[in-house]
Each structure stands twice: as structure tokens, then as C-alpha cells.
Amino acid sequence: MKGIKILGTGSYIPSTTVTNDDFVKFIDTSDEWIYTRTGIKQRFYSTEKMNFQMAAEAAQKALENSGVKAEEIDLIILSTCSTDFFYPNTSCLVQNIIGAANASCIDVNTACTGFITALDMARRYLCTGDVKKVLVVASEFLTRQLDYTDRTSCFLFGDGAGAVVAEAADKPFYSVTGAKGDMLDALYCRIQYSGKYPEEGFDHYDKDIREKLDTEAKNKFLQMDGKAVYRFAVDAMADSFKKVCEKAGVKACDVDILIPHQANIRIISAAMKSMDIPDEKIYINLDKHGNTSSACIPTILDELNRTGKLKEGEKMALVGFGAGLTYGSIYMEL
Ligand code: UT7
């Protein structure tokens, strides 16, 4: 089966560190509670760059690392669920900054599953032969979507961006993706439209819709049923990983590198419990970064690449889930 070769990786990590102790100043919590329940010690907040600027930094570094010129990129696929603009899309903004004038630009949003979706799409485009080089970027600025009075969610997230440059290659690549839209209430963030409809002479909308349109409502921030997401995540990650291994005809224990979505160390351990994968094959950076949504996986990919741990021929799996609720796994050989 035709797969892809990763030619280079890049990432952007914001410079502002926010520790668990910083949260103790405004919510009833402790470093000990956050660490033992999630595995998170600290996260990085973007205090200098918008989302598209973080994305462009990661993209630029991936280009440099790959030796591919910006003009050679035929397509940019960018994952984000924390975009700066409704339009233009973030990939157009990145295209402009990095000078990828020949690239088509597509944004995707499957929330935290986004990098898996984007890489899967990249492979499908590359397989047609119409597109030779793809830049896949995932960039997230979730910390501005948070309700800092909600002690059950605000400490989980960080900001950042990761990117890869890829081309087609004769290597195995399999994916399993899906969604469970009936669980949308478990994790969502409404768009903050600012327009208010006039009260007088404007009875086109019923009361219910008016309440939903109320931009002052608390639910303009990220809303999460942590336990429902947790349960879904454990099953969806385990299931999609098992299925992708079956599709590829490999055993889970044969995978050399497993990069799971970095939401909670307990979710990762529970999902992988039955799979007989040694801990040293499972890559984690959530202790330092928290959950950076779709940027988690490419950020780790870049860490591995820059420390010489992405070796030709190795078997790699990417496993994720996110708002939607969505899920997905990729099995590929490097
Ligand atoms: O990319 C996807 C994004 N979302 C996720 O990944 C979220 C998935 N869910 C989770 O990670 C976990 O459900 C949480 C970390 C959010 C919560 O962990 P939990 O083990 O499910 O805790 P819990 O909600 O069962 O709360 C246990 C206790 C409760 O107290 P009582 O009712 O037992 O007295 C909470 O009120 O901990 C309390 N609690 C806290 N205590 C200190 C909740 N949040 C905090 C807090 N500090 N920040």
C-alpha cells in the first residue's frame, strides 16, 4: 500500500510556563491533585503570538528540517480548533508568511484528533500523484477558550504548534477514523459571535434559540463532561488502535513508537493496558506541555526527530480522540 515519507518536522513551543501552583492562586486545587489525576506538571501559554503565527513558526522549521523549499509545497493541510479568524482559514495565513505561493490551503477541524485527520488526508492526496509535497500543520491556542473559574477543566490545556513535510513513498500506511456526533455535549466550545439581535420587532427567533445566541452566556467557553470524555477516550483509543493494527496485519506489541494524544496519563495507561506495549515505546510530553489538542502529536514527532529517534523502517502508531467526539489511529512505517 502506498504510504508517505516524513521529510522533516518542526514545532513552536511558547516561552511562558504556567505551573500547577499558578492555578492554586485562583481555583481550589493543588499541584498534587492535578499531577496525580492527569500527569500534568506545567504547560506553555502563548503570550506573544496568535495561533497562525505559531503555526507559521512550526511550518518554517519543518521546511528547514526537510530541505524542501516553500515554493515546492503543493498543499497545506492545517488542523486547528482554536483559529484566530473565521476566514481566511489559518493555512492561507501560514502560506502567506512562509511564501508557499504554489500551495492549496485547507483547514481541518476534528479537534484533538486533527493531526491524525490531516496526515491521513495528506496521504490520500499524495496517493493521487497530483500533489507531490504536503505540509501538515497542527496549531492550537486553547488557553484563551477556557473558563478560569472551572476547576475541572482549566488546568488541562496548553498552547503550541507542530508540523511535518511529507511526500508519497512505497511504505505501509493504514488509518481508522470516526466520530460519535451524539456525544457533542461532552466537549464543546461555542463561537463567540458578538452581534445581539434587537429585542423589539425581532421575533423571528424563539426563546430557545435566543438563549443559545446569547454571547454573554458562560458556555462561550470550553465546556466539558470530564468523566464522559474519559470513558469515551479509553475505549475509542484502544479500539481504533486495535483495528488499525488488524488492518495493517501487525501485532500491537510490534509497534516501535506509539504516540497517543496527550490528554491524561491515566487515559493513556488505561487504553494501552491490554496491549502489551512496553512503556518505553509510548511517548509522553504532557507533564511539560499539558494537552495542546491537535498539536500534541506533531510536537512529540518533532522531539523524536530532533533527538534521532525516528528511524527509517520503524513501525509507528498515532492514536487520538477529541471533541466531536472524534477518534482516529494511524499505523505507518517510517
Ligand atoms: O482532549 C480531550 C480533553 N479532555 C479530556 O481529556 C478530559 C478527560 N477527563 C479527565 O481527564 C478527568 O475526568 C479529569 C482530569 C478532568 C478529572 O479527573 P477525575 O478523576 O475524573 O476527577 P473527578 O471529576 O471524578 O473528580 C474527583 C474529585 C471531585 O471531588 P468529590 O466530588 O469526589 O468530592 C472533584 O470535585 O476531585 C474534585 N476536583 C478537584 N479537586 C482538586 C475536580 N477538579 C479538581 C481540581 N482540584 N482541579
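The values are calculated or read from the model by the stated rules, or taken from the named source; none is laboratory data. Quantities reported herein were computed from a predicted structural model and do not represent experimental measurements. Because the Cβ atoms are built from the backbone with ideal geometry, glycine has one as well, and the counts that use them run over all protein chains shown. Ligands, DNA and RNA are stripped out before the accessible areas are found, and what is left, the full protein with its side chains, is counted by its heavy atoms. Shrake-Rupley method; radii C 1.70, N 1.55, O 1.52, S 1.80 Å.
What to note about this one:
- 154, 105, 189, reordered so the largest accessible area comes first (probe 1.4 Å): 189, 105, 154
- Positive dipole terminus of segment 3-170, leading residue within 86, 119, 13 (C-beta point charges): 119
- Lys, Arg +1 and Asp, Glu -1 on Cβ, resulting dipole of segment 1-132 about Cα centre, debye, nearest 20: 440
- A simple charge model with +1 on the Cβ of Lys and Arg, -1 on the Cβ of Asp and Glu and nothing else charged puts the dipole of the chain at about 700 debye relative to its Cα centre.
- Relative contact order of segment 246-334, pairs being alpha-carbon contacts under 8 Å that are 6 or more residues apart, as %: 35
- Packing, as the average of other Cβ atoms within 10 Å across residues, places the peptides 223-234, 140-151 in the order 140-151, 223-234, highest first.
- Surface calculation, 1.4 Å probe, protein heavy atoms: residue 15 sits at approximately 80 Å² accessible.
- Segment 81-117-segment 268-334 distance, computed between alpha-carbon centres (Å): 22
- Figure note: 86, 173 ranked by solvent-accessible area, largest first, 1.4 Å probe, ligands and nucleic acids not counted: 86, 173.
- Screening the chain for whole DSSP H helices of 30 Å or more along their axis (Cα) with average Kyte-Doolittle hydropathy at least 1.6 returns none.
- Cross-link pairs 132/288; 2/242; 5/281; 247/288; 180/247; 251/288 - those with Cα-Cα distance over 24 Å: 132/288; 247/288; 251/288
- In the assembled protein chains, residue 266 presents an accessible area of approximately 90 Å² (probe radius 1.4 Å).
- Estimated inter-spin distance, residue 151 and residue 242, nm [label 7 Å along Cα→Cβ]: 3.7
- Net length gained if the chain between residue 64 and residue 273 were fully extended (0.36 nm per residue, minus Cα distance): 71.4 nm
- Protein-only accessible surface order, largest first, of 283, 125 at 1.4 Å: 125, 283
- Since only 55, 67, 44 are under comparison, the one whose Cα sits farthest along the positive direction of the charge dipole of segment 31-86, derived from C-beta charges on Lys, Arg, Asp and Glu, is 44.
- Rounded, prolate or oblate (a/c below 1.5 giving rounded, otherwise prolate when a/b exceeds b/c) for segment 95-138 by Cα gyration tensor: oblate
- Mean separation of Cα contacts under 8 Å, 6 or more apart, over the residue count of the chain: relative contact order %: 26
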